[in-house]
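A.B. asks: Dropping a structure here in structure tokens format, bear with me for questions.
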Amino acid sequence: MKHRARYEDEDEDEPYVVIERRGSSGATSFLVGLAVGAGVALLFAPQSGEETRRQLKRRARRAAHVARDAAGDLSDTVVDRYEQAKRSVEDRLDSARQALEMRKHQAAEAFRAGREAAQQARLDLEARIAQSKANYRAATSQARVTRRSTLAPNEEAKDSADRETE
């Protein structure tokens with residue numbers, strides 16, 4: 001049991017290697033494997049030279065075909081991703097344009113409403129000023145009438161008194 005614990009301690013201290021794949025496609029690995037496999041097959045092939053050459057030509061054609069297919073698949077994948085990214089960007093641009101148009105419309109609407117409110121406030125103020133002027137004129141006119149009526153009897157009495165003293 002003590003022996004086992006020693007190995008567990010040693011396992012923890014031993015360095016280890018982590019192998020990660022970083023987005024490489026399987027096509028490269030496939031082509032390398034294909035070439036290695038063809039080379040090994042040639043080494044162990046119990047065939048004549050002419051037969052081996054024919055077989056090599058066939059395998060080369062197959063490898064070329066596989067490579068073309070892989071390149072086509074890769075090209076299709078790249079084109080698909082490009083188209084997808086393009087659509088995504090176009091969608092975002094359209095969304096931004098719509099948001100901008102909406103904000104522009106809201107600003108124009110707010111400006112129009114503000115102009116209408118200012119115009120209405122001006123009309124209300126002008127009406128109040130006109131009413132105040134009318135009230136002022138009516139009050140001053142009334143005050144003049146009241147003053148004249150109040151002064152009229154006093155002036156008559158004064159005129160009478162002045163006449164008697166003469």
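A.B. asks: Around T140, under 12 Å between beta carbons, what's the net of Lys plus Arg minus Asp minus Glu among the other residues?
C.D. replies: Working: positive: K133, R137, R144, R147; negative: none.
So the surrounding residues net to +4.
A.B. asks: HN-Hα J couplings of the stretch 76-82 from phi, Karplus 6.51/-1.76/1.60, θ = phi - 60°, integer Hz, Gly and Pro as x?
C.D. replies: 4, 5, 5, 4, 4, 5, 4
A.B. asks: Give, in nm to one decimal, the length gained when the segment between E126 and R58 is fully stretched (0.36 nm per residue of separation minus the Cα-Cα distance). Write out the running numbers ahead of the final one.
C.D. replies: Values: separation 68, 0.36 × 68 = 24.48 nm, distance 10.04 nm.
Roughly 14.4 nm would be gained on extension.
Taken together, the values in this text are just the output of simple stated rules run on the coordinates, not laboratory data. On a predicted model such as this, the values are computed, not experimentally measured, just so you know. Heads up, the Cβs are rebuilt from the backbone with ideal geometry, glycines too, and the neighbour counts pull from every protein chain shown.
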